[in-house]
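Data block below; observations after.
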């Protein structure tokens, strides 16, 4: 494997079964409790508002916990990821939880979506697509230890950079809608 995408995909393919089996993702809770939501969607829920009846696509859906959670809130969801192993776990999760979600395998060569873009580029793309931005919130924590050895766990179970954590956002929640034509 000499192509970065192949190396990256292999990395995520290897992680998918471990993540699906880990307590952190709590896949079993989705089967046990039809109201269970992922920690990420629970965190973002106050910002989401009512999504019942909306359609959404979740890019980089990984093993589908957030995608299934959004569907449980009433959205018709499609998850997209480039890792076949991640999508196998996502489809298994949707099946055991009884949540109808479609999952699509794709990468930047077969879609118009590629990642990692700056915030300005993302906002501009949304505006050029005729969408209205309804919210933007920066977060100084993330739900996983994104930078091992440089982060600390904070109350609520999230992770934060140890050195001056408020100097830059760790993640953000961007909300946009397209008005019906």
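We did not get these values from a lab; they are worked out from the coordinates using the rules stated. Note that the coordinates shown come from a computational prediction; the quantities given were computed from them, not determined experimentally.
A few notes on this one:
- Given (i) 11.7; (ii) 13.4; (iii) 17.7, the label whose value is mean projected area of the Cα convex hull in nm² derived from this model: (i)
- Helical mean residue ellipticity (222 nm; -39500 (n - 2.57) per DSSP H run of 4+; nearest 500) of the chain: -11000 deg cm²/dmol
- Centroid-to-centroid separation of segment 115-181 and segment 38-71 [C-alpha atoms, Å]: 14 Å
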